[in-house]
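The values are calculated or read from the model by the stated rules, or taken from the named source; none is laboratory data. Computed from a predicted structure; not experimentally measured. Glycine gets a Cβ as well: all are built from the backbone with ideal geometry, and neighbour counts include every protein chain shown.
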Amino acid sequence: MSTKESTLKPDEFTVANNYANFLNHITKLRNPHEVEFLQAVREVVNSLVPVLAHHPQYMKSCILERLVEPEKIISFRVSWVDDEGDVQINRGYRVQFNSALGPYKGGLRFHTTVNESIIKFLGFEQTFKNSLTGQPIGGGKGGSDFDPKGKTDLEIMRFCQSFMTELYNHIGPDTDVPAGDIGVNAREIGYMFGQYKKLRGAFEAGVLTGKGLEYGGSLARTEATGYGLVYFVREMLQDKGIGFEDKTVIVSGSGNVSIYAMEKAAEFGAKVVACSDSNGCIYDENGIDLNTVKELKESGDERISEYITKYPNAQYLDDCSNIWSIPCDIALPCATQNEIDEATAKTLVDNGVQAVGEGANMPSTQEAINLFLDNDIHFAPAKAANAGGVAVSSLEMAQNGSKLMWTFEEVDEKLKDIMKNIYQNSMQAASDYGSPGNLVAGANIAGFIKIADAMSAQGII
């Protein structure tokens, strides 16, 4: 039992637990159809009971009630014209969740599944993730139900320009700094930055991150989330006296996060045998040829199934969820939210998985997480393990502010330090509040306390 936990009386835990249950209930009543957001809130709130019991002032000043309500939600119509001359209509969103630690910071997601619930869940998670990085950034998220797949460059440009025309009044280097997410890469960032620059009549490099190197981007930004994930998991494994060497790894997805997680895991001595896209997955028992995957994804139109035309001994499995049936030592879910449910987690456990590191945002359901923890699987939660992307985005902001550009090696070293600190702070918080070794609880607690103290210092606003 930790020092903090041992000083508490049973009734203090009861009060805090009742408060957490009440807060979950009220949040559900206010957001009855926002499944993803409610899942994210419940996971965080329930892990904070020992913190609330030890610090009742957080309950008295309604820190959590304020924290689960975004400071601002912006939604807007995005009208644009396709190549056939037809008018298309999409919805755009920006959720500015919490600015206690700094300007809102978080990506833009362009995908058909985007709705207010998903953007709120992402913004809520982002607030804690950004806190964990130790950087002076608050939490936000945004996006649209527009899907860049199958669109021409001109159509994507017109959409991005229209999207930014609606958004630009709400963002700025010291206000809100968007970045990329699913469906938003350097191309989309470039089109949006160009439109912002035209509308503002000024070159404000720090308003967007993930920019091209020619106009204020940062080296290592493309690799940051995938590399950061592996750096974090390596810290977790080293604490247990093991590493990536000679381990079999599977990685869901085949975008930037997945590709660079595979690259770094292989660099550390692992054999990556499987990856996926939205249609299916490939399994190559000899180890995935990463250059081939990069070529397929960089072409823009090729699916991962084309891998087997070059490597006929590899297998292609329809349905991307089949990747989790492949035995492995380390699983890195890097595709999308809730891709691992309880049944999938059981398959991984039965097949001997030793560690799971979340590279996507909330890729495991709460039931899956519980199963991993109950079976002593080393588990690295998303808000800690995939914070590398936003960490380097913040480093890009710092370079823009100082009008300097750091080398790849300088940025990479800073990223390693940030991920190491996130791991150590999460482990320390878990130990301090009665859950030693539980990185889920530790990441939530470490992220929350920093935000809560900043909110308390700034008054009721």
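Considering the stretch 14-65 alone, what residues qualify as being over 24 Å from SER364 (Cβ atoms) and either among the aliphatic types (A, V, I, L, M) or touching an Asp or Glu at 6+ places or on another chain (Cβ under 7 Å) (or both)?
Scanning the stretch 14-65 gives VAL15, ALA16, ILE26, LEU29, LEU52, ALA53, MET59, ILE63.
Criterion first (closer than 23 Å to TYR227 by Cα, touching a Phe, Trp or Tyr at 6+ places or on another chain (Cβ under 7 Å), in a loop (DSSP other than H, G, I, E, B) and without any contact (Cβ under 8 Å) to a residue 40 or more places away in the chain) does GLY269 satisfy it?
Yes.
Which of (1) touching a residue at least 60 places away in the same chain (Cβ under 8 Å); (2) at negative phi; (3) surrounded by 18 or more Cβ atoms within 10 Å (Cβ to Cβ) does ILE189 not meet, given it meets every other one?
Result: ILE189 fails condition (1) only.
Check LEU48, LEU38, LEU64, LEU23 and return the single one that is within 20 Å of the chain's Cα centre (by Cα) and buried (at least 16 other Cβ atoms within 10 Å of the Cβ).
LEU38
Of the conditions (1) touching a residue at least 24 places away in the same chain (Cβ under 8 Å); (2) part of a loop (DSSP other than H, G, I, E, B), GLY150 fails just one. Which one is it?
For GLY150, the failing item is (1).
Can you tell me which residue in the stretch 224-259 is nearest to SER321 (Cα to Cα), limited to those that are charged (D, E, K, R) and part of a helix (DSSP H, G or I)?
Going through the qualifying residues, I end up with ARG234.
Yes/no matrix, rows are residues, columns are (1) of a type outside the set (Ser, Thr, Tyr); (2) not in a loop (DSSP other than H, G, I, E, B):
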| position | (1), (2) |
| --- | --- |
| ALA261 | yes, yes |
| CYS275 | yes, yes |
| CYS281 | yes, yes |
| THR292 | no, yes |
| SER305 | no, yes |
| THR309 | no, yes |
| ILE323 | yes, yes |
| CYS328 | yes, no |
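Taking GLU155 as the residue in question, decide whether it is under 20 Å from the mean Cα position of the chain (by Cα) and either surrounded by fewer than 20 Cβ atoms within 10 Å (Cβ to Cβ) or in a helix (DSSP H, G or I) (or both).
No: the conditions fail for GLU155.
Exactly one condition in (1) among the small types (Gly, Ala, Ser); (2) out of contact with any Lys or Arg (no Cβ under 8 Å at 6 or more places or on another chain); (3) not in a strand (DSSP E or B) is false for GLY389; which is it?
GLY389 satisfies all of (1) among the small types (Gly, Ala, Ser); (2) out of contact with any Lys or Arg (no Cβ under 8 Å at 6 or more places or on another chain); (3) not in a strand (DSSP E or B) except (2).
Got a number for residues in the stretch 24-82 being farther than 30 Å from ASP11 by Cβ, among the acidic types (Asp, Glu) and touching a residue at least 60 places away in the same chain (Cβ under 8 Å)?
3
Give me the residue from the stretch 100-121 that is in contact with a Pro (Cβ under 6 Å, 6 or more places away or on another chain) and buried (at least 24 other Cβ atoms within 10 Å of the Cβ) and, out of that set, nearest to GLY142 (Cα to Cα).
LEU108
Across the stretch 224-263, which residue is nearest to PHE408 (Cα to Cα) among those that are in contact with a Cys (Cβ under 6 Å, 6 or more places away or on another chain) and among the polar types (S, T, N, Q)?
The extreme case among them is SER258.
Under 6 Å by Cβ, and 6 or more places apart or on different chains, what pairs join a residue from the stretch 314-333 that is under 13 Å from THR344 (Cβ atoms) with one that is aromatic (Phe, Trp, Tyr)?
ILE326/TYR283
Being among the basic types (Lys, Arg) and touching an Asp or Glu at 6+ places or on another chain (Cβ under 8 Å) is the filter here; which residues of the stretch 221-263 pass it?
ARG221, LYS247
When VAL45 is evaluated against the numbered criteria (1) of a type outside the set (Lys, Arg); (2) not in a helix (DSSP H, G or I); (3) not assigned by TED's automatic domain parsing to the domain that holds PHE159, which criterion, by number, is the only one it fails?
(2)
Of all residues in the stretch 195-216, which are among the polar types (S, T, N, Q) and touching a strand residue (DSSP E or B) at 6+ places or on another chain (Cβ under 6 Å)?
If the condition is that a residue be among the polar types (S, T, N, Q) and touching a strand residue (DSSP E or B) at 6+ places or on another chain (Cβ under 6 Å), then THR209 is the only one that fits.
Confirm whether ALA385 is under 18 Å from LYS129 (Cα atoms) and surrounded by 20 or more Cβ atoms within 10 Å (Cβ to Cβ).
It is true that ALA385 is under 18 Å from LYS129 (Cα atoms) and surrounded by 20 or more Cβ atoms within 10 Å (Cβ to Cβ).
Could you count how many residues in the stretch 198-223 are loosely packed, with under 14 Cβ neighbours inside 10 Å and either part of a loop (DSSP other than H, G, I, E, B) or at positive phi (or both)?
So the count comes out to 4.
Of all residues in the stretch 128-159, count the ones that are hydrophobic (A, V, I, L, M, F, W, C) and either under 13 Å from ASP82 (Cβ atoms) or at pLDDT below 95 (or both).
5
Can you name the residue in the stretch 330-353 that is over 22 Å from the mean Cα position of the chain (by Cα) and not in a helix (DSSP H, G or I) and, of all such residues, is surrounded by the fewest Cβ atoms within 10 Å (Cβ to Cβ)?
Taking the candidates together, the pick is GLY352.
Does the stretch 79-99 hold any residues that are buried (at least 23 other Cβ atoms within 10 Å of the Cβ) and aliphatic (A, V, I, L, M), and which are they?
VAL95
Can we say PHE124 is among the aromatic types (Phe, Trp, Tyr), surrounded by 17 or more Cβ atoms within 10 Å (Cβ to Cβ) and over 22 Å from the mean Cα position of the chain (by Cα)?
No: the conditions fail for PHE124.
Look through the stretch 240-284, keep the residues that are modelled with pLDDT under 95 and among the charged types (D, E, K, R), and return whichever of them is surrounded by the most Cβ atoms within 10 Å (Cβ to Cβ).
ASP277
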